[in-house]
Ligand code: ADP
Ligand code: MG
């Protein structure tokens, strides 16, 4: 039998490959694999179900990740997927595997962070599993949520001329990661060094302690808007836009000059001699929402500071254009996070 290296497929192709023969046996399962969460029809509303894993050395480096933040983030990244379906999370269960290198106090810190997230988002931690690991720390969280049948939003509903909206600003979490990696190297070279990171507080928080956009889901409800499609930005804007286009079988045009980028993010990009647009397009772990709305809803979001219109959906699925500030047309490509890529 031939042996295929994981790197030959990449994360998304691997998921497609492994799940190509999955069959659904319950007629209440209205969405299985392929969106931010699964969707299971109940009598009154729809139950949403999702899982995310955080692995030491892959998703976080224990040298610079405060454990309380890590616990907080492990919950938030899951809630983000529930909000991306236009729903509200209600429950989480948490699995941890930990090596003997960790202490009880360390795990207590992780749980403090988890409980803080539960309190903030008013969700219940109702179970989990605990085991040892041969090396390192693994956190697996499963989140449950609900959404009414008339408000559920998939990746697949975008239609030509819909406006593409993004919340908050982009590239900050990646900027924070670069700063942490740089300071780690400085520290390794000189363990006596005490870096002053206060000037980077915003982007460090974006990386270490992100928030999920409950406020936006509430606002959409308040303003009587149902997005035509939605996804959360965990792998980078370009990758997520392409997911929406592929699921909806549509194309896109977005405008570089519209991309929302915080000044601190832009300053760091320049320091690293990287175009801030690259941060915004490919930086992962933003946990912002990317969604499309009908043009008739534009007036309702026009004045909202936290929502930026960055482009629109087009008929032709093979059109995935970024119009640069200087007017050039560049084809969008997904270069976001991929756990199986060789360069990670
Ligand atoms: P997200 O970035 O929103 O968490 P992913 O890209 O991780 O979504 O996953 C895409 C889809 O594939 C989701 O529906 C997810 O549940 C599913 N999926 C991912 N890994 C697996 C797996 N090992 N087995 C089955 N389904 C999976
Ligand atoms: Mg998602």
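Read the figures in this text as sums done on the coordinates, not as results from a lab. Computed from a predicted structure; not experimentally measured. Virtual Cβ from ideal backbone geometry, glycine too; neighbours counted across all protein chains shown.
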Compute the relative contact order of segment 155-331 as a whole-number percentage, counting only Cα pairs closer than 8 Å that sit 6 or more residues apart in sequence. 43
Rounded Å value of the spacing that divides the Cα centres of segment 1-55 and segment 182-229: 28
Assuming 0.36 nm per residue, please report the length gained on full extension of the stretch residue 125 to residue 21 beyond their Cα-Cα distance. 34.2 nm
Gained length - residue 257 relative to residue 134, 0.36 nm times residue gap less alpha-carbon distance: 39.5 nm
Expressed as a rounded percentage, what relative contact order does the chain have, with Cα pairs under 8 Å and six or more residues apart? 22
Asserting the computed 222 nm helical MRE of the chain (DSSP H runs at least 4 long, -39500 (n - 2.57) per run, divided by residue count, to nearest 500) equals -9500 deg cm²/dmol
How much length would be gained if the chain were fully extended between residue 224 and residue 181, taking 0.36 nm per residue of separation minus their Cα-Cα distance, in nm to one decimal? 11.2 nm
Could you calculate the FRET efficiency of residue 324 with residue 300 from 1/(1 + (r/R0)^6), where r is the beta carbon distance between them and R0 is 35 Å, rounded to 0.05? 0.75
So, in Å, what gap is there between the alpha-carbon centers of segment 280-314 and segment 56-77? 28
